[in-house]
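**Student:** Got a structure for you, questions after.
Read-outs: derived from the displayed coordinates by stated rules, not from any lab. What you are looking at is a predicted structure, and each value in this text was computed from that prediction instead of being measured. With ideal geometry, Cβ positions are generated from the backbone for all residues, glycine too; neighbour counts draw on all protein chains shown.
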Amino acid sequence: MLSTRRKADGKKPAPISPLALEIVQRMNRLFEVERTANGHSSLARLAARQERSASLVDELEALMLKHRPGLSRYDDLAKAMDYMLKRWPVFTRFLHDGRVCMTNNAAERALRGITLGRKSWLFAGSDRGGQRAAFMYSLIVTAKLNDIDPQVWLADVLARIADHPSHQLDDLLPWNWAVQRQLRNTA
């Protein structure tokens, strides 16, 4: 028996297989564990995953391995299952390291700006200009990943870099700059 969903455009509802629905529901349980563990230390996330997610992942794999042989290789669900099963060790890495996210959403969000700016960067002027733009973009994203306002960081670094000793340039990197700025502000 197939479930159905309504389409926004009013067209005939598309069938949803019970197996696909079951897989999605199991994935939702995994995401629920991630939502409750989010914001905790990596050790706490790892403990929650070992306690609550590991068995869910094992059951999900068993379900897919059980039902995959009965599906046509041309079936969209079979293609999705094949994709996931071929990458199973990569998917399950989050169960063994609390620092690893279950999804790659953060990486995709970080790349969003590159995609949006692609047309603007098409005319960098030269290969060297493109390399400089890539270098600057990596510095800006690094600042963002370290919870630093890139504009404040760049303004400070550009104002100080000419007088800064060349053997101490790593002091100006975002993660070091934030610590030193905090020390300057408290002094």
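**Student:** For an R0 of 35 angstrom, estimate the FRET efficiency from the Cβ-Cβ distance between Lys11 and Lys79 and round to the nearest 0.05.
**Tutor:** Calculated transfer efficiency: 0.90.
**Student:** Mind listing the phi-derived Karplus ³J(HN,Hα) values for the stretch 17-24, rounded to whole Hz, using 6.51, -1.76 and 1.60 with θ = phi - 60°, and x for any glycine or proline?
**Tutor:** Those phi angles translate into 6, x, 5, 4, 4, 5, 5, 4 Hz.
**Student:** Using a cut-off of 9 Å between beta-carbons, work out the net charge of the residues near Leu56 (Lys and Arg +1, Asp and Glu -1, Leu56 not included).
**Tutor:** For residues surrounding Leu56, the net value is +1.
**Student:** For mean projected area of the Cα convex hull in nm², which listed value, (1) 9.9; (2) 11.5; (3) 17.9, comes from the coordinates shown?
**Tutor:** Structure-derived value, by its label: (3).
**Student:** Run the count for the stretch 3-95, please: Lys pairs, Cα-Cα under 26 angstrom, 8 or more apart or on different chains.
**Tutor:** The number of close lysine pairs in the stretch 3-95 is 5.
**Student:** For the chain, which longest stretch is free of loop sites, where a loop site is one of the chymotrypsin sites (Phe, Trp or Tyr not before Pro) that DSSP puts outside H, G, I, E and B and that has at most 15 other Cβ atoms within 10 Å?
**Tutor:** Maximal segment without exposed cleavage sites: 1-73.
**Student:** Taking trypsin sites (Lys or Arg not before Pro) as exposed when DSSP calls them loop (any state but H, G, I, E, B) and at most 13 other Cβ atoms lie within 10 Å, what is the longest stretch of the chain free of them, the sites themselves excluded?
**Tutor:** 100-187
**Student:** Pull out the extension gain between Asn105 and Ala162, defined as 0.36 nm times the separation in residues minus the alpha carbon to alpha carbon distance; nm, one decimal.
**Tutor:** 16.7 nm
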